[in-house]
Amino acid sequence: MKKSLEKFPDLHFKLLDCLVSINSIILYYTSVQGIKAAEFLVFGENGKVIKAIAHYEQIS
């Protein structure tokens with residue numbers, strides 16, 4: 001992780017949208033170098049993430 005942070009010292013994300021359900025959330029954001037991404041997170045009974053699926057904009 002440290003090497004990743006060294007590669008992108010100005011790492012930040014811009015939240016575009018957030019879709020919420022009972023035990024899951026989808027975060028749609030602009031990531032490193034302007035790439036659009038969506039992350040689907042499922043939460044267990046303890047409130048911690050038990051499943052995560054990430055999708056990234058296809059770059060040509």
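Hey, any idea what Rg/Rh is for the stretch 2-56, computing Rh the Kirkwood way over Cα pairs?
Numbers: Rg = 13.0 Å, Rh = 12.4 Å.
My calculation of the ratio gives 1.05.
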Take Ile25, Ile59 and order them by how many other Cβ atoms sit within 10 Å, fewest up front. Ile59, Ile25
Candidates per chymotrypsin sites (Phe, Trp or Tyr not before Pro) in the chain, loop by DSSP, up to 16 other Cβ within 10 Å: Phe13
Only loop residues by DSSP count here, and only those with at most 12 other Cβ atoms within 10 Å; note down the trypsin sites (Lys or Arg not before Pro) in the stretch 20-56 that meet that. Lys48
Under a plain spin-label model, where a point goes 7 Å from the Cα along Cα-to-Cβ, how far apart in nm are Ala52 and Asp10? 2.5
Nearest 500 deg cm²/dmol is fine: what mean residue ellipticity at 222 nm does the chain get from its DSSP H runs of n ≥ 4 alone, each adding -39,500 (n - 2.57), divided by its residue count? -2500 deg cm²/dmol
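Loop-only GluC sites (Glu not before Pro) in the stretch 5-60, please: DSSP not H, G, I, E or B, and at most 16 other Cβ atoms within 10 Å.
Details: sites: Glu6, Glu39, Glu45, Glu57; in loops: Glu45, Glu57.
Qualifying residues, ordered by number: Glu45, Glu57.
Coordinate-derived values only; no laboratory data. Remember, predicted model here, so these are calculated numbers, not experimental data. Using ideal geometry, Cβ is built from the backbone for each residue, glycine included, and neighbour counts are taken over all protein chains shown.
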